[in-house]
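The values are calculated or read from the model by the stated rules, or taken from the named source; none is laboratory data. From a predicted model like this one, the values you see are computed outputs, not experimental measurements. When we count neighbours, we look across all protein chains shown, and the Cβ atoms used for this are built from the backbone with ideal geometry, even at glycine.
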Protein chains: 2
Amino acid sequence: MTAEVVELIEGLCTTRAIRRFRDEPIPDDALATMFFAATRAPTGSNRQPFRFLVLRDGPGAVEAKALLGRSFREQWAAKRAHDGYDAGSGAAADSPKARVAAAMQQFVDRFERTPVVALACLVPWRGLDPTVGASVYPACQNLLLAARGLGYGGVLTMWHAPVDAELRRILAVPDDVFIAATVALGRPEGHHGPVRRRPVGELVFDDVWGRAAPWATEPPGTRHTGRPPGAVTDRGGA
Amino acid sequence: MTAEVVELIEGLCTTRAIRRFRDEPIPDDALATMFFAATRAPTGSNRQPFRFLVLRDGPGAVEAKALLGRSFREQWAAKRAHDGYDAGSGAAADSPKARVAAAMQQFVDRFERTPVVALACLVPWRGLDPTVGASVYPACQNLLLAARGLGYGGVLTMWHAPVDAELRRILAVPDDVFIAATVALGRPEGHHGPVRRRPVGELVFDDVWGRAAPWATEPPGTRHTGRPPGAVTDRGGA
């Protein structure tokens, strides 16, 4: 299968979270390209403190995926109830809310069969604060974009957090290393396409906080998010 | 001027920090495309807590750029001395170290003339910890990549930090909003090209921490970083 050629800007605008994967491994050469692209991302002072620990079918992977799968199922069950995914419009099977819930359920139910799971880690060079993410999350984004460029897809999650201690024991991750994200990757069952976000004028300000940028227009036909379940309270913007 | 068409993976692998800008504004339509692409980035639960505050030539921008310029010059002067940029190979004007230092000096000296400065902000929905960056730094990376796709370039810095309080007063940024990064953007004086990183086998592990992934190969001709001045101590990897 030859991947389509994806133009850069188009790729940025059409890479969305993929949680339903085919039972198909990612070949070594595709993985090499994805992680090469991931590691080209910028970091503070070009320190490159990120490390990707890639889990496929080895003994570490099997044990870690089982642990993560249990954690993910628990996290999703709690979120599904807490955020009311089955209430309101979620009761209709073809509503956006119900479709998200179905994809999430499949994601966690089949987690152990996820073709590739990568732990994005950060070797600290100073204390951990909210800015350290600038040296690891751009690499995660490059990874997801590179996957898109090769016909794959994935999603970044934090649901490893409840089992962080056990996970690092299984995989010999040093105590001081920060596990910054879990990235699941594979061949999509569905497809990429335009993502839904808030109107760009609510997210981009001009010259002073809260003033919608008049030049911040959107391509015709751009579709917007409603407030997702459990979303942040509205703040700022016109 | 028509921008070249950049393929997604190639764009990921050839976007590097740009600090020398031509005296040339970024047109509204290019800015709109860049920030539209930036705001397509993923965030936790699709909350979209990021906001970009864009500084061009307005009254807020003029005052904020002047404040930032002073801070950037102080930060660079301290880093230049502390990290020994003028010592060793830095004494030779054509060494990589000296070229980086010259670009940095020009960047801070001309900071007020930077065509576009964007503050990447985050409206907190919970306490700030090292994971919140997963909902703002991917958008910053999309912004830098989109700039690349349109023939522009930029760099992400944290040198607003010493003047954070004064900056938010000038721009009316609410106290609880986290200013996560300053992104400078413009038309490059130089050009993009292959970035230099550590060998990918030092950054990508397979199945257990510290085991270099055997499949993590690099394209022929890939050039590697030496340890940059002030870099993190070596850790992990083969």
Check residue A:191 against each of (1) at positive phi; (2) surrounded by fewer than 16 Cβ atoms within 10 Å (Cβ to Cβ) and name the one condition it does not meet. (1)
Which condition number in (1) surrounded by fewer than 16 Cβ atoms within 10 Å (Cβ to Cβ); (2) of a type outside the set (Val, Ile, Thr); (3) in contact with a strand residue (DSSP E or B) (Cβ under 9 Å, 6 or more places away or on another chain); (4) free of Cβ contacts under 8 Å to residues at least 40 places away in the same chain is the one that residue A:77 fails? (3)
Count of region A:222-232 residues which are at the interface with chain B (Cβ under 10 Å from one of its Cβ atoms), at pLDDT 55 or above and within 20 Å of the chain's Cα centre (by Cα): 2
Identify, from the list B:71, B:95, the residue that is closer than 30 Å to residue A:216 by Cα, away from chain A (no Cβ under 14 Å) and among the polar types (S, T, N, Q). B:71
Does residue A:16 count as surrounded by 14 or more Cβ atoms within 10 Å (Cβ to Cβ), more than 17 Å from residue B:205 (Cβ to Cβ), assigned by TED's automatic domain parsing to the domain that holds residue A:173 and touching an Asp or Glu at 6+ places or on another chain (Cβ under 8 Å)? no
Quick one: in region B:198-217, of everything that is in contact (Cβ under 8 Å) with a residue 24 or more places away in the chain and outside any strand (DSSP E or B), which residue is nearest to residue B:22 (Cα to Cα)? B:198
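Does residue A:159 qualify as being facing chain B (nearest Cβ under 8 Å), in contact (Cβ under 8 Å) with a residue 24 or more places away in the chain and among the aromatic types (Phe, Trp, Tyr)? Steps first, answer last, please.
On the way: facing chain B (nearest Cβ under 8 Å): no; in contact (Cβ under 8 Å) with a residue 24 or more places away in the chain: yes; among the aromatic types (Phe, Trp, Tyr): yes.
Here the answer is no, as residue A:159 does not meet what is asked.
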Test for residue A:153: is it touching a residue at least 12 places away in the same chain (Cβ under 8 Å) and within 24 Å of residue A:43 (Cα to Cα): yes
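For region A:1-60, which residues satisfy the criterion of being among the aliphatic types (A, V, I, L, M), within 7 Å of chain B (Cβ to nearest Cβ), part of a helix (DSSP H, G or I) and in contact (Cβ under 8 Å) with a residue 60 or more places away in the chain? Steps first, answer last, please.
Taking region A:1-60 first, the residues among the aliphatic types (A, V, I, L, M) are A:1, A:3, A:5-6, A:8-9, A:12, A:17-18, A:26, A:30-32, A:34, A:37-38, A:41, A:53-55.
Now drop any that are not within 7 Å of chain B (Cβ to nearest Cβ), which leaves A:5-6, A:8-9, A:12, A:17, A:31-32, A:37, A:41, A:53-55.
From what's left, part of a helix (DSSP H, G or I): A:8-9, A:12, A:31-32, A:37.
Residues satisfying the conditions are A:12, A:31, A:37.
Conditions (1) in the same structural domain as residue B:178 (by TED's automatic domain parsing); (2) closer than 26 Å to residue A:40 by Cα; (3) touching a helix residue (DSSP H, G or I) at 6+ places or on another chain (Cβ under 6 Å), marked per residue:
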{"residue": "B:33", "(1), (2), (3)": "yes, yes, no"}
{"residue": "B:39", "(1), (2), (3)": "yes, yes, yes"}
{"residue": "B:91", "(1), (2), (3)": "yes, no, no"}
{"residue": "B:95", "(1), (2), (3)": "yes, yes, yes"}
{"residue": "B:98", "(1), (2), (3)": "yes, yes, yes"}
Can you spot a residue in region A:188-197 that is assigned to a strand (DSSP E or B) and within 22 Å of residue B:46 (Cα to Cα)? yes
In region A:18-41, residues that are within 11 Å of residue A:152 (Cα to Cα), among the aliphatic types (A, V, I, L, M) and out of contact with any His (no Cβ under 9 Å at 6 or more places or on another chain) total 4
Single unsatisfied condition, residue A:146 versus (1) surrounded by 22 or more Cβ atoms within 10 Å (Cβ to Cβ); (2) in contact with a strand residue (DSSP E or B) (Cβ under 7 Å, 6 or more places away or on another chain); (3) under 28 Å from residue A:24 (Cα atoms): (2)
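Restricting to region A:206-221, and then to whatever is among the charged types (D, E, K, R) and facing chain B (nearest Cβ under 7 Å), can you tell me which residue is farthest from residue B:56 (Cα to Cα)?
A:218
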